[in-house]
Protein chains: 2
Amino acid sequence: MSESTERLEEAKDKVIGTIAETMDLYGVTPAAANLYATMYFKDQMTLDEMRTELGMSKPSMSTSVRRLQEIKMVKKTFTRGSRKHTYAAEKNFFRSFMAFYCQMWEREAKMNMEAIEEAQEDFIEVIKDSKSTPEIVAEAKTYYDQLEESKTYYRWLEDLVESIRSGKIFEFLPKDPKN
Amino acid sequence: MSESTERLEEAKDKVIGTIAETMDLYGVTPAAANLYATMYFKDQMTLDEMRTELGMSKPSMSTSVRRLQEIKMVKKTFTRGSRKHTYAAEKNFFRSFMAFYCQMWEREAKMNMEAIEEAQEDFIEVIKDSKSTPEIVAEAKTYYDQLEESKTYYRWLEDLVESIRSGKIFEFLPKDPKN
DNA sequence: AACTTTATTAAAAATTTATTTAACACTTTT
DNA sequence: AAAAGTGTTAAATAAATTTTTAATAAAGTT
């Protein structure tokens, strides 16, 4: 192998290493992280190529690639004349970012909002209940208000998701600032 | 225990459950997630209170609380006249959000930017190297451009962090929309 | 329709991570 | 200065997750 090829591979590996390392933020396994980072420098890959490249089993590649598809970091590609499935890494990090965080934040907001609504109803019942002691009522009021306050955050999170999905956020924060 | 108290606890537990459940997004252990969610309804707690409340060991509480401190979701509080350390949950989710994501994104941007800069230098060397074959040069150019493109994203991430840190983002996305 | 090839599922093994028990170190109090 | 209380570190255990081997299913080819 030539010196240039070696240097090329070395350079790629530097980037592959750090991409994989920072991907813990996306809650994927090391295998999936390595896979994504490897695919980042490939046009597309089959499961067998992945296995060869990473020296891991095929089912491991299969599950990793599926997880990466779930968080939209890998897409299935169609290759005519090939029976093997081919996959390509999403190389546009903006799209990965949007898909991942929107999905996560939406889930966080939705789940918590629902629980909060239910809990607040309970607190109101307790407050209205004549059998509740003044202390209990006071406590219920405190919690009710605390939850009411937190709803501001979840609504904001939903707004953030919406502004990312619609692309409106890039009017405020341009992808390539003019100056 | 009165019916109201029971209902109160039940309502709290609903919220505690979902907060803990959605906290996987923050990469904390279930123990830490449960702890935070529990503390969310308490003014402040000592390690022993945590242990009693969650039925877990003290070292587990100690490490969980430390991890939560690292991501700024729990703060140490001073309680005069008590030898025990006391801790309080950050109840303002905006602050948690800001601290957590800014820290994470900054790390992601910094690490990848550094690796990219280094790799790009290598690619330039390869391109300039007279011993490189045309194919190798073409490949190096492709990768160089791909990395250059990705820098747009990391710069944007840094801008996002900055606008969150400075609070400027709330001019664009208000915490409490007027309408 | 049988045979290949490929991908996925299931069960087992291995690794990693989380948690606990036990020991240690540090503070404060007496 | 000794003793008690509190928190942290270390080693061991337990639990969960990841990965692999093996088996099955699905799709395509001859």
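The values are calculated or read from the model by the stated rules, or taken from the named source; none is laboratory data. Small disclaimer: the values here were computed from a predicted structure and weren't measured. Cβ atoms come from the backbone with ideal geometry, glycine included; neighbour counts cover every protein chain shown.
Within segment B:68-95, restricting attention to residues that are out of contact with any strand residue (DSSP E or B) (no Cβ under 9 Å at 6 or more places or on another chain) and assigned to a helix (DSSP H, G or I), which residue is nearest to DNA strand D (Cβ to nearest atom)? Here the answer is B:GLU70.
In this structure, does A:ASP176 turn out to be assigned to a loop (DSSP other than H, G, I, E, B) and either surrounded by 15 or more Cβ atoms within 10 Å (Cβ to Cβ) or facing another protein chain (nearest Cβ under 8 Å) (or both)? Walk me through how you get there before you give the answer.
On the way: assigned to a loop (DSSP other than H, G, I, E, B): yes; either surrounded by 15 or more Cβ atoms within 10 Å (Cβ to Cβ) or facing another protein chain (nearest Cβ under 8 Å) (or both): yes.
Answer is yes for this residue.
Only one of A:LYS42, A:LYS12 is surrounded by 18 or more Cβ atoms within 10 Å (Cβ to Cβ) and either more than 16 Å from DNA strand D (Cβ to nearest atom) or among the acidic types (Asp, Glu) (or both); which? Of A:LYS42, A:LYS12, the one residue that is surrounded by 18 or more Cβ atoms within 10 Å (Cβ to Cβ) and either more than 16 Å from DNA strand D (Cβ to nearest atom) or among the acidic types (Asp, Glu) (or both) is A:LYS12. For segment A:58-87, the set of residues classified as over 17 Å from A:VAL28 (Cβ atoms) and either within 13 Å of another protein chain (Cβ to nearest Cβ) or of a type outside the set (Phe, Trp, Tyr) (or both) consists of A:LYS58, A:LYS76, A:THR77, A:THR79, A:ARG80, A:GLY81, A:SER82, A:ARG83, A:LYS84, A:HIS85, A:THR86, listed by residue number. Being at the interface with another protein chain (Cβ under 10 Å from one of its Cβ atoms) and farther than 19 Å from B:LYS91 by Cα is the requirement here; does B:THR52 meet it? Criteria not met by B:THR52. The sole residue among A:ALA99, A:ALA109 that is away from DNA strand D (no atom under 16 Å from the Cβ), closer than 30 Å to B:TYR144 by Cβ, more than 8 Å from chain B (Cβ to nearest Cβ) and part of a helix (DSSP H, G or I) is A:ALA99.
Looking across segment B:10-49, the residues that are in contact with an Asp or Glu (Cβ under 8 Å, 6 or more places away or on another chain), over 20 Å from A:GLU117 (Cα atoms) and either among the hydroxyl-bearing types (Ser, Thr, Tyr) or within 10 Å of another protein chain (Cβ to nearest Cβ) (or both) come down to B:LEU25, B:GLY27. Please indicate, with yes or no, whether at least one residue in segment A:128-148 is without any contact (Cβ under 8 Å) to a residue 40 or more places away in the chain, more than 10 Å from chain B (Cβ to nearest Cβ) and of a type in the set (A, V, I, L, M). Yes: segment A:128-148 contains one or more residues that are without any contact (Cβ under 8 Å) to a residue 40 or more places away in the chain, more than 10 Å from chain B (Cβ to nearest Cβ) and of a type in the set (A, V, I, L, M).
Among the residues of segment B:156-173, how many are more than 9 Å from chain A (Cβ to nearest Cβ) and either surrounded by 14 or more Cβ atoms within 10 Å (Cβ to Cβ) or within 27 Å of A:ALA11 (Cβ to Cβ) (or both)? Outline the logic, then answer.
First pass over segment B:156-173, keeping only residues more than 9 Å from chain A (Cβ to nearest Cβ): B:158, B:161-162, B:164-167.
Remaining after also requiring either surrounded by 14 or more Cβ atoms within 10 Å (Cβ to Cβ) or within 27 Å of A:ALA11 (Cβ to Cβ) (or both): B:158, B:161-162, B:164.
Residues in segment B:156-173 being more than 9 Å from chain A (Cβ to nearest Cβ) and either surrounded by 14 or more Cβ atoms within 10 Å (Cβ to Cβ) or within 27 Å of A:ALA11 (Cβ to Cβ) (or both): 4 in total.
Of everything in segment B:130-139 that is surrounded by 14 or more Cβ atoms within 10 Å (Cβ to Cβ) and modelled with pLDDT of 95 or more, the residue that is nearest to A:LYS12 (Cα to Cα) is B:GLU139.
Okay, residues lined up against (1) in contact (Cβ under 8 Å) with a residue 40 or more places away in the chain; (2) surrounded by 14 or more Cβ atoms within 10 Å (Cβ to Cβ); (3) polar (S, T, N, Q):
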| position | (1), (2), (3) |
| --- | --- |
| A:VAL74 | no, yes, no |
| A:THR77 | no, no, yes |
| A:ARG83 | no, no, no |
| A:ALA88 | yes, yes, no |
| A:LYS91 | yes, yes, no |
| A:PHE100 | yes, yes, no |
| A:TRP105 | yes, yes, no |
| A:GLU108 | yes, yes, no |
| A:MET111 | no, yes, no |
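Kindly indicate whether B:TYR153 is more than 20 Å from B:THR29 (Cα to Cα), at the interface with another protein chain (Cβ under 8 Å from one of its Cβ atoms) and among the hydroxyl-bearing types (Ser, Thr, Tyr). So B:TYR153 passes the test. So which of A:GLU10, A:GLU49 ends up being outside the structural domain of A:ARG107 (by TED's automatic domain parsing), more than 11 Å from DNA strand C (Cβ to nearest atom) and over 20 Å from B:TYR154 (Cα atoms)? Just a single option satisfies the conditions, and that option is A:GLU10. Summed over segment A:66-104, residues that are within 12 Å of DNA strand C (Cβ to nearest atom) and on the phi > 0 side of the Ramachandran plot total 1.
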